[in-house]
Amino acid sequence: DPDTRHNMDTVSENYLNYTPVSITELIGKAGVNQGNMKDVAIHKVVEYAGEDADITLQLKQKFAPMLEEGNVTKLFNEVEIPLVTVLADIEYNGVKIDMEALAVMSKELAEESLIAQTQIFELAGVEFNIASPKQLGEILFDKMKLIDKLKKTKTGQYATGEDILSTIANEHVIVRRILEFREYQKLKSTYVDALPRMISPIDGLVHTDYRQTVAATGRLSSN
(Lines give C-alpha, C1' and ligand atoms only; values in the text may rest on other atoms or scores of the structure.)
Protein backbone atom coordinates (compact mmCIF):
# COMPACT_ATOMS: atom_id res chain seq x y z
CA ASP A 1 0.00 0.00 0.00
CA PRO A 2 2.63 2.55 -1.10
CA ASP A 3 0.24 5.48 -1.42
CA THR A 4 -0.43 5.81 2.31
CA ARG A 5 1.71 6.72 5.30
CA HIS A 6 3.16 3.86 7.33
CA ASN A 7 3.85 5.34 10.74
CA MET A 8 2.33 3.44 13.66
CA ASP A 9 -0.41 5.99 14.42
CA THR A 10 -1.70 6.00 10.83
CA VAL A 11 -1.54 2.23 10.46
CA SER A 12 -3.35 1.83 13.77
CA GLU A 13 -6.13 4.12 12.60
CA ASN A 14 -6.42 2.32 9.26
CA TYR A 15 -6.31 -1.27 10.53
CA LEU A 16 -7.37 -1.16 14.18
CA ASN A 17 -9.73 1.83 14.02
CA TYR A 18 -7.86 3.23 17.01
CA THR A 19 -5.97 6.52 17.41
CA PRO A 20 -3.01 6.19 19.80
CA VAL A 21 -1.86 9.02 22.04
CA SER A 22 0.37 11.27 19.94
CA ILE A 23 3.79 12.26 21.22
CA THR A 24 2.80 15.87 20.55
CA GLU A 25 0.29 15.57 23.40
CA LEU A 26 3.20 14.93 25.75
CA ILE A 27 5.97 17.20 24.51
CA GLY A 28 4.36 19.38 21.82
CA LYS A 29 5.04 19.71 18.11
CA ALA A 30 8.51 19.33 16.62
CA GLY A 31 10.54 22.52 16.67
CA VAL A 32 12.54 24.77 18.94
CA ASN A 33 9.74 24.88 21.50
CA GLN A 34 9.25 21.11 21.70
CA GLY A 35 9.65 19.72 25.21
CA ASN A 36 11.65 16.74 26.41
CA MET A 37 10.29 13.34 27.38
CA LYS A 38 12.36 13.38 30.60
CA ASP A 39 10.19 16.24 31.84
CA VAL A 40 6.91 14.35 31.36
CA ALA A 41 5.27 12.74 34.39
CA ILE A 42 6.47 9.14 34.69
CA HIS A 43 2.98 7.63 34.69
CA LYS A 44 2.20 9.34 31.38
CA VAL A 45 5.43 8.03 29.85
CA VAL A 46 4.58 4.52 31.07
CA GLU A 47 1.11 4.69 29.47
CA TYR A 48 2.54 6.11 26.25
CA ALA A 49 5.27 3.47 25.93
CA GLY A 50 2.94 0.66 26.95
CA GLU A 51 0.40 1.70 24.34
CA ASP A 52 3.09 1.72 21.64
CA ALA A 53 4.07 -1.84 22.55
CA ASP A 54 0.45 -2.97 22.69
CA ILE A 55 -0.45 -1.41 19.31
CA THR A 56 2.64 -2.93 17.71
CA LEU A 57 1.63 -6.39 18.94
CA GLN A 58 -1.96 -5.93 17.75
CA LEU A 59 -0.72 -4.86 14.32
CA LYS A 60 1.58 -7.88 14.16
CA GLN A 61 -1.39 -10.12 14.91
CA LYS A 62 -3.34 -8.31 12.18
CA PHE A 63 -0.64 -8.43 9.50
CA ALA A 64 0.81 -11.94 10.01
CA PRO A 65 -2.33 -13.68 8.63
CA MET A 66 -2.42 -11.17 5.75
CA LEU A 67 1.12 -12.16 4.78
CA GLU A 68 0.08 -15.82 4.81
CA GLU A 69 -3.04 -15.11 2.75
CA GLY A 70 -0.97 -13.22 0.19
CA ASN A 71 1.64 -15.99 0.11
CA VAL A 72 4.40 -13.45 0.85
CA THR A 73 5.62 -14.58 4.27
CA LYS A 74 8.75 -16.12 2.72
CA LEU A 75 9.41 -12.89 0.80
CA PHE A 76 8.94 -10.86 3.97
CA ASN A 77 11.23 -13.00 6.13
CA GLU A 78 13.95 -13.84 3.61
CA VAL A 79 14.13 -10.67 1.49
CA GLU A 80 12.51 -7.60 3.02
CA ILE A 81 13.66 -8.00 6.63
CA PRO A 82 17.29 -8.98 5.83
CA LEU A 83 17.38 -6.05 3.40
CA VAL A 84 16.81 -3.63 6.30
CA THR A 85 20.29 -4.22 7.71
CA VAL A 86 21.88 -4.06 4.26
CA LEU A 87 20.26 -0.69 3.59
CA ALA A 88 21.32 0.55 7.03
CA ASP A 89 24.95 -0.26 6.15
CA ILE A 90 24.63 1.53 2.80
CA GLU A 91 23.07 4.57 4.44
CA TYR A 92 25.81 4.68 7.09
CA ASN A 93 28.62 4.30 4.54
CA GLY A 94 27.28 7.15 2.40
CA VAL A 95 27.69 8.08 -1.25
CA LYS A 96 30.43 10.22 -2.79
CA ILE A 97 29.24 13.07 -5.01
CA ASP A 98 31.23 14.42 -7.96
CA MET A 99 30.75 18.16 -7.45
CA GLU A 100 32.58 19.16 -10.64
CA ALA A 101 30.50 16.84 -12.83
CA LEU A 102 27.27 18.11 -11.27
CA ALA A 103 28.33 21.73 -11.80
CA VAL A 104 28.89 21.04 -15.49
CA MET A 105 25.58 19.18 -15.73
CA SER A 106 23.73 22.04 -14.00
CA LYS A 107 25.05 24.51 -16.56
CA GLU A 108 24.08 22.21 -19.44
CA LEU A 109 20.58 21.69 -18.09
CA ALA A 110 20.14 25.45 -17.65
CA GLU A 111 21.16 25.98 -21.28
CA GLU A 112 18.85 23.22 -22.53
CA SER A 113 15.98 24.65 -20.47
CA LEU A 114 16.52 28.08 -22.00
CA ILE A 115 16.56 26.64 -25.52
CA ALA A 116 13.34 24.70 -24.87
CA GLN A 117 11.73 27.78 -23.29
CA THR A 118 12.62 29.95 -26.29
CA GLN A 119 11.14 27.39 -28.68
CA ILE A 120 7.97 27.13 -26.59
CA PHE A 121 7.49 30.92 -26.64
CA GLU A 122 8.05 30.98 -30.42
CA LEU A 123 5.54 28.19 -31.01
CA ALA A 124 2.99 29.81 -28.68
CA GLY A 125 3.52 33.29 -30.08
CA VAL A 126 3.64 34.74 -26.58
CA GLU A 127 5.76 34.55 -23.44
CA PHE A 128 4.18 33.05 -20.32
CA ASN A 129 5.05 31.15 -17.15
CA ILE A 130 5.53 27.56 -18.31
CA ALA A 131 5.52 26.36 -14.70
CA SER A 132 2.02 27.78 -14.15
CA PRO A 133 -0.65 25.12 -14.90
CA LYS A 134 -3.23 27.91 -15.29
CA GLN A 135 -1.25 29.90 -17.84
CA LEU A 136 -0.07 26.76 -19.64
CA GLY A 137 -3.63 25.45 -19.95
CA GLU A 138 -4.88 28.76 -21.32
CA ILE A 139 -2.13 28.85 -23.94
CA LEU A 140 -2.49 25.23 -25.07
CA PHE A 141 -6.23 24.81 -24.94
CA ASP A 142 -7.78 28.29 -25.20
CA LYS A 143 -5.31 30.05 -27.49
CA MET A 144 -3.89 27.15 -29.51
CA LYS A 145 -6.91 24.80 -29.11
CA LEU A 146 -4.80 21.65 -29.17
CA ILE A 147 -7.65 19.59 -27.72
CA ASP A 148 -11.35 20.28 -28.18
CA LYS A 149 -13.78 19.96 -25.27
CA LEU A 150 -11.13 19.26 -22.68
CA LYS A 151 -12.55 18.95 -19.18
CA LYS A 152 -11.37 21.32 -16.48
CA THR A 153 -10.40 20.54 -12.90
CA LYS A 154 -12.55 21.49 -9.91
CA THR A 155 -10.63 24.76 -9.64
CA GLY A 156 -11.62 25.69 -13.18
CA GLN A 157 -8.17 25.10 -14.65
CA TYR A 158 -7.21 22.80 -17.48
CA ALA A 159 -5.38 19.64 -16.47
CA THR A 160 -1.82 19.88 -17.77
CA GLY A 161 -0.22 16.90 -16.05
CA GLU A 162 2.27 14.67 -17.80
CA ASP A 163 -0.40 12.00 -18.35
CA ILE A 164 -2.52 14.48 -20.34
CA LEU A 165 0.33 16.04 -22.30
CA SER A 166 1.96 12.71 -23.14
CA THR A 167 -1.14 11.59 -25.04
CA ILE A 168 -0.81 14.48 -27.50
CA ALA A 169 2.99 14.87 -27.52
CA ASN A 170 3.41 13.10 -30.88
CA GLU A 171 0.88 15.44 -32.50
CA HIS A 172 2.18 18.79 -31.27
CA VAL A 173 5.79 20.02 -31.20
CA ILE A 174 5.09 22.53 -28.43
CA VAL A 175 3.92 19.75 -26.11
CA ARG A 176 7.12 17.79 -26.67
CA ARG A 177 9.14 20.91 -25.88
CA ILE A 178 7.12 21.49 -22.70
CA LEU A 179 7.75 17.93 -21.51
CA GLU A 180 11.46 18.37 -22.27
CA PHE A 181 11.51 21.68 -20.38
CA ARG A 182 9.91 20.03 -17.35
CA GLU A 183 12.41 17.18 -17.42
CA TYR A 184 15.38 19.56 -17.53
CA GLN A 185 13.93 21.63 -14.69
CA LYS A 186 13.21 18.60 -12.54
CA LEU A 187 16.65 17.07 -13.05
CA LYS A 188 18.32 20.36 -12.24
CA SER A 189 16.33 21.31 -9.15
CA THR A 190 15.67 17.88 -7.64
CA TYR A 191 19.04 16.24 -8.17
CA VAL A 192 21.85 18.19 -9.80
CA ASP A 193 21.54 21.36 -7.71
CA ALA A 194 20.12 19.69 -4.60
CA LEU A 195 22.63 16.89 -3.98
CA PRO A 196 25.66 19.14 -3.33
CA ARG A 197 23.70 20.90 -0.58
CA MET A 198 23.14 17.55 1.14
CA ILE A 199 26.80 16.60 1.51
CA SER A 200 27.75 15.98 5.14
CA PRO A 201 30.38 18.43 6.42
CA ILE A 202 31.71 15.61 8.62
CA ASP A 203 32.80 13.11 5.97
CA GLY A 204 32.01 14.80 2.63
CA LEU A 205 29.43 12.16 1.70
CA VAL A 206 25.68 12.08 1.16
CA HIS A 207 23.76 9.85 3.59
CA THR A 208 20.27 9.11 2.36
CA ASP A 209 17.30 7.19 3.74
CA TYR A 210 16.33 4.28 1.49
CA ARG A 211 12.69 3.42 2.04
CA GLN A 212 11.27 0.05 1.07
CA THR A 213 7.57 0.85 1.40
CA VAL A 214 7.12 3.98 -0.72
CA ALA A 215 7.69 3.28 -4.42
CA ALA A 216 4.79 1.36 -5.94
CA THR A 217 6.99 -0.29 -8.58
CA GLY A 218 9.17 -2.20 -6.11
CA ARG A 219 12.06 0.27 -6.32
CA LEU A 220 13.71 1.95 -3.36
CA SER A 221 12.77 5.53 -2.54
CA SER A 222 15.67 7.75 -1.56
CA ASN A 223 14.80 10.49 0.91
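The values are calculated or read from the model by the stated rules, or taken from the named source; none is laboratory data. Here the structure is a predicted model, which means the values were calculated and not measured. Please note: Cβ atoms are built from the backbone with ideal geometry, for glycine as well, and neighbour counts cover all protein chains shown. Protein only, heavy atoms only, side chains kept; ligands, DNA and RNA dropped before computing areas. Shrake-Rupley method; radii C 1.70, N 1.55, O 1.52, S 1.80 Å.
Looking at region 132-223, the trypsin sites (Lys or Arg not before Pro) that sit in a DSSP loop and have at most 12 other Cβ atoms within 10 Å of their own Cβ are K145, K149, K151, K154, R219. Rounded to whole Å, give me the distance from the Cα center of region 23-82 to that of region 150-223. Taking the Cα centre of region 150-223 as reference, the centre of region 23-82 is 32 Å away. The Cβ shell under 13 Å around S189 holds other residues with a net charge of +2, Lys and Arg each +1, Asp and Glu each -1.
Dipole magnitude for region 105-155: about 520 debye, using +1 per Lys or Arg Cβ and -1 per Asp or Glu Cβ, origin at the Cα centre. Applying D = kT/(6 pi eta Rh) to region 75-149, where Rh is the Kirkwood radius over alpha-carbon pairs, T corresponds to 37 °C and eta to 0.692 mPa s, the Stokes-Einstein value obtained is 193 µm²/s.
Surface composition of region 106-223: carbon plus sulfur atoms contribute 52% of the solvent-accessible area (1.4 Å probe, protein chains only, all chains present). What you get for the chain, charging only the Cβ of Lys and Arg (+1) and of Asp and Glu (-1), is a dipole of about 680 debye around the Cα centre.
Ordered from highest to lowest accessible area with the whole protein assembly present and a 1.4 Å probe, T56, T155 read as T155, T56. Take the chain with all the other protein chains still there, run a 1.4 Å probe, and you get 70 Å² of accessible area per residue.
For the chain, the relative contact order works out to 22 percent when only alpha carbon pairs closer than 8 Å and six or more residues apart are counted. Projecting each Cα onto the charge dipole of the chain (Lys/Arg +1, Asp/Glu -1 at the beta carbon, about the Cα centre), which of N77, M144, Q61 comes out farthest on the positive side? Toward the positive end, the furthest listed residue is M144. Taking every protein chain into account, the 1.4 Å probe leaves M144 with about 60 Å² of accessible area, to the nearest ten.
Prolate is the label for region 139-223, because the ratio a/c of its alpha-carbon gyration tensor axes (a ≥ b ≥ c) is 1.5 or higher and a/b is greater than b/c.
Candidate membrane-span-like segments in the chain, meaning DSSP H helices with Cα atoms spread over at least 18 Å of their own axis and a Kyte-Doolittle mean of -1.0 or above, are 42-69, 81-93, 99-124, 173-186, with no membrane implied. Once all protein chains are placed together, T19 keeps about 90 Å² accessible to a 1.4 angstrom probe.
Charged side chains reduced to their Cβ positions (Lys and Arg at +1, Asp and Glu at -1) give region 53-148 a dipole of some 280 debye around its Cα centre. Of the trypsin sites (Lys or Arg not before Pro) found in region 1-82, those that fall in a DSSP loop while having at most 14 other beta-carbon atoms within 10 Å are R5, K29.
Pairs with C-alpha atoms separated by more than 22 Å, drawn from the list K29/K188; K96/K188; K134/K186; K107/K186, are K29/K188.
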